[in-house]
1. Give me the tail of P(r) for segment A:112-176 as a percent: Cα-Cα pairs with distance above 17 Å.
2. Take chain A, connect every pair of alpha-carbon atoms lying under 10 Å apart with a spring to form a Gaussian network, then pick out the residue of A:Leu139, A:Leu33, A:Leu42 with the largest mean-square fluctuation.
3. What residues have an amide H closer than 5 Å to that of A:Arg102, excluding those fewer than 5 places away on the same chain, when H is modeled at 1.01 Å from N in the peptide plane?
4. In whole Hz and in residue order, list the ³J(HN,Hα) couplings for segment A:90-95 that follow from phi through the Karplus curve 6.51 cos²θ - 1.76 cosθ + 1.60, θ = phi - 60°; x for Gly and Pro.
5. Please list the non-local residues whose amide H lies under 5 Å from the amide H of A:Ser197, H modeled 1.01 Å from N, same-chain partners needing a gap of 5 or more.
6. Would you mind telling me which residue in A:Lys164, A:Lys24, A:Lys118 has the biggest mean-square fluctuation in a Gaussian network model of chain A, where springs connect alpha carbons within a distance under 10 angstrom?
7. Would you calculate, for chain A, the mean residue ellipticity at 222 nm contributed by helices, counting each DSSP H stretch of 4 or more residues as -39,500 (n - 2.57) and dividing by all residues, to the nearest 500?
8. Pop out the ³J(HN,Hα) list for segment A:11-26 in order, Karplus 6.51 cos²θ - 1.76 cosθ + 1.60 with θ = phi - 60°, rounded to Hz; leave Gly and Pro as x.
Amino acid sequence: MEKLPLSFYQRKNILLIAKELLGKILVTRWEGLETSGRIVELEAYRGVSDRASHAYGGRQTARNEIMYAAGGVAYIYLCYGLHHLVNVVTHEAGTPHAILIRGIAPLEGMQIMQQRAKRKKTDPAITRGPGKLALAMGLHTGLNGWSLQSNDFFIADDGFQYPKEWQASSPRIGVDYAGDDALLPYRFYIRGNAFVSGKPK
DNA sequence: GAGTAGATCCTCT
DNA sequence: GAGGATCTACTCA
């Protein structure tokens, strides 16, 4: 299992990177507790020309500043006041591209995730959906800007690949406010996987 | 099972 | 001062 190199994130084609991230493994190791999961759903946010992106029109604020950094770091922010959402920054420095991780299939540390989620009802799908996923993996806004080359939070490749016919794309979720850009097929997911958010198809 | 209200707070206008 | 890259739980059927 190998950590993805900076060169992987710093390529310019975010849609290609997003597709290639499907099937990769997201790993965190906080305080000796390792949790990991295979990425099965994500969305691309293509910087200044994408109305759904925080950086649309070249906006640069204290919150999204990290999107302008060189690829290979995490962009984590708070949404709706209570959910932490995890993004991977891509492209070279100065171009605010990011990929939102929306769903993973747990591999290691399932019990730790359950504990972190503190669910009333037992729910196996605690890593389905961006908010829950961040909670289960122990990710929060304090980790904004974290390098994915570190040893406690990174994405790895174990050689596994989902068959091409399982990979699908669709419009993104929850971005209706973005007008025509809400229709762009920038969401990539694994067809039929239980850890993909939204209605099963 | 489907539809919806409420939570909750940071960020930008 | 408004609204958001969400989720849960409650209602009604």
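1. Of all Cα-Cα pairs in segment A:112-176, 63 percent lie more than 17 Å apart.
2. A:Leu33
3. Sorted by chain and number, the residues that satisfy this are A:Glu41, A:Leu42, A:Glu43.
4. Karplus-based 3J(HN,Hα) across segment A:90-95 equals 10, 6, 7, 4, x, 10 Hz.
5. A:Gly129
6. Residue with maximal mean-square fluctuation among A:Lys164, A:Lys24, A:Lys118: A:Lys164.
7. So the calculated ellipticity at 222 nm is -3500 deg cm²/dmol.
8. Karplus-based 3J(HN,Hα) across segment A:11-26 equals 5, 8, 8, 5, 5, 5, 4, 4, 4, 6, 6, 4, x, 7, 10, 8 Hz.
Where a number appears in this text, it was derived from the coordinates with a stated rule and is not lab data. No experiment lies behind these values; they were computed from the predicted model shown. All Cβ positions, even for glycine, are placed from backbone atoms using ideal geometry, and neighbour counts span all protein chains on display.
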